[in-house]
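The values are calculated or read from the model by the stated rules, or taken from the named source; none is laboratory data. Note that the coordinates shown come from a computational prediction; the quantities given were computed from them, not determined experimentally. We place every Cβ from the backbone using ideal geometry, glycine too, and count neighbours over all the protein chains shown. When the accessible area is computed, the model is the full protein with side chains, heavy atoms only, and any ligands, DNA or RNA have been set aside. Shrake-Rupley method; radii C 1.70, N 1.55, O 1.52, S 1.80 Å.
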Amino acid sequence: MTLSFAAHSLECRRTRWSSTAEVRLRYATVDFAHAVFEYPLTIAAELDPFVLDDGQQLAEDPHASAPSSGVRLASLRGVDAAHLVLADVDLSGCLFAGTVHLDQLRLEGACTFDTIPPAVHWRRWPPVRFTERRVLAEEHHWRASRPGAVRGWNVAVLGAGRAGPLQMAPVYRALRKAFEDGKHEPGAADFYYGEMEMRRHAGDIPRSERFLLTAYWALSGYGLRASRALALARRRHVSDRRAADGRRSGEGDPEADGDRHRPGRQGQGHLRDRQGRSEESCR
């Protein structure tokens with residue numbers, strides 16, 4: 001069964017899908033929260049206008065003012081994603097916390113997520129700059145609600161609920177697995193970073209583990225930001241060079257110091273002077 005919709009929004013909350021289906025959409029924001037998929041279901045964005053049985057294109061005048069024909073997924077909370085396929089869908093505002101078997105979700109085409117606020121933030125010294133990566137909508141909401149949050153994080157809308165690091169860590173882990181199965185290594189790396197960030201901020205880990213995770217994050221970005229380790233190594237190298245130069249300047253001229261502290265050469269010079277004076281006295 002194939003369903004095609006060109007609409008502003010599509011509400012499929014708590015629906016039950018008892019057969020294999022494909023939902024092709026244009027312009028729509030769709031909500032599948034707590035839906036039940038008994039068979040495989042594909043949700044895909046249709047790039048071209050729909051064509052009717054008589055060969056004519058479907059009129060899309062009501063959507064003429066829309067910025068694009070893209071499809072946005074609002075929520076998958078409470079869904080068993082084992083039979084779900086998403087293709088070319090905008091997931092930047094999708095709520096994933098509470099989704100079951102998220103690691104078996106199939107992502108096809110250009111499925112996009114939200115990203116980190118890109119600018120440098122001068123909230124305090126040193127300035128705050130986030131590393132660019134894909135993030136969940138729930139992380140945006142959580143960071144925006146924290147005291148002293150920087151600009152750029154999206155505030156949760158009414159009814160979005162609250163999800164903290166404990167709820168988001170398994171979501172990042174499952175989506176990382178989904179990206180790895182799809183051979184999408186950059187996406188898998190971004191969600192591994194997000195998983196480690198949620199583990200670092202979770203309130204149920206021991207203080208020693210939090211210290212190790214913080215050091216791992218600061219030194220190398222969880223092994224994914226080599227520039228941090230290179231910058232630290234360069235800074236250490238420069239400081240060592242400066243210390244070595246300072247020791248050399250404090251010691252002075254090494255050749256002069258060497259001659260001053262070599263008694264053999266001074267003794268040879270006194271012996272030659274005595275021999276010269278004795279020869280003159282004999283004459």
Scan of segment 179-198 for residues that are within 23 Å of H83 (Cβ to Cβ) and open to solvent by 10 Å² or more (accessible area, probe 1.4 Å), ordered by number: F179, E180, D181, G182, K183, H184
Can you pull out the residues in segment 199-214 that are small (G, A, S) and open to solvent by less than 50 Å² (accessible area, probe 1.4 Å)? A202
In segment 128-149, which residue that is assigned to a loop (DSSP other than H, G, I, E, B) and open to solvent by less than 20 Å² (accessible area, probe 1.4 Å) is farthest from Y222 (Cα to Cα)? L136
When you go through (1) in contact (Cβ under 8 Å) with a residue 40 or more places away in the chain; (2) among the β-branched types (V, I, T); (3) buried (at least 17 other Cβ atoms within 10 Å of the Cβ) one by one for V23, which number turns out not to apply? (1)
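Quick one: would you say L58 is in contact (Cβ under 8 Å) with a residue 24 or more places away in the chain and surrounded by fewer than 17 Cβ atoms within 10 Å (Cβ to Cβ)? It would help to see each step written out before you state the result.
Working: in contact (Cβ under 8 Å) with a residue 24 or more places away in the chain: yes; surrounded by fewer than 17 Cβ atoms within 10 Å (Cβ to Cβ): yes.
When the stated conditions are applied, L58 passes them.
Per-residue answers, yes or no, for (1) modelled with pLDDT under 90; (2) surrounded by fewer than 18 Cβ atoms within 10 Å (Cβ to Cβ); (3) of a type in the set (A, V, I, L, M, F, W, C):
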position	(1), (2), (3)
D31	no, no, no
A35	no, no, yes
P40	no, yes, no
G70	no, no, no
A82	no, yes, yes
L86	no, no, yes
Going by the conditions given, is S65 among the hydroxyl-bearing types (S, T, Y) and surrounded by 18 or more Cβ atoms within 10 Å (Cβ to Cβ)? no
Verdict on P165 being open to solvent by less than 60 Å² (accessible area, probe 1.4 Å), of a type outside the set (G, A, S) and free of Cβ contacts under 8 Å to residues at least 40 places away in the same chain: yes
